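Contents: one structure, followed by commentary.
Taken together, the values in this text are just the output of simple stated rules run on the coordinates, not laboratory data. These numbers were taken from a predicted model, which means no experiment stands behind them. Cβ: placed from backbone, ideal geometry, glycine included. Neighbour counts: every protein chain shown.
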Amino acid sequence: MAVTACVALMACVACGPENSKEDSDARPSQSSASTRAGEPSVTPSASARTEEPSATPTGDQPAPRTKEGAIKRYEQYLHALGHEDIDTVCEVAGPAAKKAQDQGLGPCKSTYATVFQMISPAQKKALRTATVDPQRVVVRTPDKMEMPVAAVRSSATFSESDLGNYTLEYLKTDWYITD
């Protein structure tokens, strides 16, 4: 699959609370959490905002520090990948992106612009409504959850080489992809 070539990028690249100066002006998108049937098949540019929700919890309330909270955040990331919502993707995967950038990869926005081009239209469509099977999520500690690709439920099948496995950690007030 086309996504295979970008797995390392997706697993390592993002921007968020520890983002670089280049990505410091990134703002989460502002819109509703529902996905719509009959969405146009037009692929937005990497800088386009979508109807996907902001990756930041609403209000000043911290996100739930629970398995369910981690799952909700990861689903938000998956939906953002499908919608090419660069702001949300870079927000959720911030710490992993910082590590990747420190190792020589480019900033989140430019790297994910490439990643978006490598995801097939069918995969993008599937990611927009993907869910996570809670029974397949591995709780390492109350602040660290493993999201294996086998936990992703969607209309497309993803393998480790397509999507990869992710670690989410609770940092300050929300869940972030750290590995």
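Annotation for Ala113 and Glu68: the two label points, set 7 Å from Cα along the Cα-Cβ direction, are 4.0 nm apart.
With N counted as the residues of segment 89-179, its alpha-carbon radius of gyration over 2.2 N^0.38 Å works out to 1.12.
Packing around the peptides 164-174, 150-160, 77-87, taken as the average count of other Cβ atoms within 10 Å per residue, puts them in this order, highest first: 77-87, 164-174, 150-160.
On a full-extension model of 0.36 nm per residue, what is the gain between Ser159 and Gln103, subtracting their alpha-carbon distance, rounded to one decimal in nm? Mind showing how you got there, number by number?
Working: separation 56, 0.36 × 56 = 20.16 nm, distance 2.51 nm.
Extra length from Ser159 to Gln103 when fully extended: 17.7 nm.
Counting 0.36 nm for each residue step from Asp179 to Gln135 and taking away their Cα separation leaves a gain of 13.8 nm. For the pair segment 89-109 / segment 129-179, the C-alpha centres are spaced 17 Å from each other. Counting only Cβ charges, +1 for Lys and Arg and -1 for Asp and Glu, the dipole size of segment 73-179 around its Cα centre is about 100 debye.
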